Every structure is written in C-alpha cells, then in structure tokens.
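Input: a single structure, listed below in structure tokens.
Bear in mind that the values in this text are calculations on the coordinates, not laboratory data. This structure is a prediction, so every number in the text was calculated from the model and none was measured. Note that each Cβ is placed from the backbone with ideal geometry, even for glycine, and that neighbours are counted across all protein chains shown.
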C-alpha cells in the first residue's frame, strides 16, 4: 500500500502518519521515499535529518543515478557525512552508464552497493554483484545475469519441448511468437545485448524494441493454419496479412525468410544438445530488427 499523506504538507507529519498506518495494518516493511536531490540543499538536508530522528529507520539507502558518474559519488559523500547512510541503490544501470559510479561511491563513502536498477518495472531491481559490474565496465558483458534471467523466464520443460520441435523441424511461427513474449519479459533488447560479451564494441548497433511488436502483429494476423505451415503463405495471403497487421508485404517476406533461416540454424544447434540464445534472437543471421 502507498500512503501519500493526503492534504498534509509537512514531511515529518506525513512520515508519522505513514508509520501509524503501517502499524495498524500490521505491515512488516515500511519504505519512506524522500524527495530527490541532485544538488546539496541545507534546508532539505535538515529535513532529512529530522525525518531520520522521527522514524528511526533500520536502514538508510542513498539512491544514486549511475548516469551522473563522479557527481553521484560526491553527493553520496555529502549525504553520508550529514545524515549517515547504510548502503546505496544505483539506478539507470540499463542506460549507457556502465557502472563506474559504483566504484567511486564505494571508495568515497565506504558503504556497500546493495541494489542496481535495470529498468522502470518493479522487477527491474536486482541485487548488486561487484564482479558482474566490473565485467560490464570492461566491456566483457554479464553472462551470469543473462543466464539467470533466462532461467527465470523459461521453464525447463518448455525448453525440452522446444528442443524436440527443433529436431523434428516442427517449430512454428506460433511457437516463435510465444518465445518472443518470453524474451520480452527478460528486459529491453539493449539491456540484454549489454550482457553479451563483446556486444558493447558494436558502437553502431541500434536495437529496435518495436520490432517485437511488429512481428507479433504480423503473426497474429495469420490464420492458425498459416502459423503452422508458413510455406503456404502465397502472395495474396501476404497482402491480407500485411493489411491486417498494418505492415508491408516486404515486412512479411523478411520475417518469413528470417524464420526459415532460424529454423535451419536451430535444427543444427539442437543436434549439438543445447539451445543457443543468440540464435533464437536472430544472431548470426541478420536478426529480427524491424524495418
């Protein structure tokens, strides 16, 4: 539950009422989110001190913007000196910043980095792993996080069933659409690419997340028979699918060509005893990147 204080304007009073409500509702955890500050302000810093004295928190976490770099470390030091912090949450780690701010903050404040924010969704808050951040800073990717995300979003039984379909060459466009939905749950393509070793060196690479939406629209505009047997999709069917999905016939041709290439690739991979995540995403064969 979120307590916003209603018409109350005094931050201290809001915190007191929030604690009372949490006690009445027998809540086990209370998180007090104070106003963001990118610059040190004596009045607001004094407000923070009074809030801390009032609520007596078990832990105080400083939320730092990874995009701010060294400035974030300097602000963290000021907060630690004035209020006292127990740890740090580093946000916007899914952006261009690789995490150098994490090293600076830890060095200057001596406080641990507890969590990193990898997006705007509720499940985008991840525990901090120093070795993985160092790998990202060095452009070596973060394979362990990628594997964990895959394990969270793909059931073992489903993957075994997929492997059978690849071997039997019975993997359909409907199966592909369902897999795309699972991949989307793992995060943005830029975020996933950042976890792949060497991907950071591809300076000109721009991944279009809207391509997923386009592909899904195209497949949804097909009949169940067309999804199961894409070889029957002739010129007139392509025109109908393009009209129904708001795309062009050229987009349909591109998807079908790439899907056929992926089928061949995945059949070879499955014979080796394992699925190749990069291949599923279109890696090594042109990729599903939209227009």
Calculate the FRET efficiency for residue 217 and residue 33 from the Cβ-Cβ distance with a Förster distance of 51 Å, rounded to the nearest 0.05.
0.85
Sort 62-69, 26-33, 233-240 by packing, meaning the average of other beta carbons within 10 Å per residue, with the highest value first.
62-69, 233-240, 26-33
Measuring from label point to label point, each 7 Å out along Cα→Cβ, what is the residue 131 to residue 107 span in nm?
2.2 nm
For a Förster distance of 35 Å, can you work out the FRET efficiency between the beta-carbons of residue 53 and residue 185, rounded to the nearest 0.05?
0.25
With a point put 7 Å past each Cα toward its Cβ, work out how far residue 17 is from residue 243 in nm, to one decimal.
5.9 nm
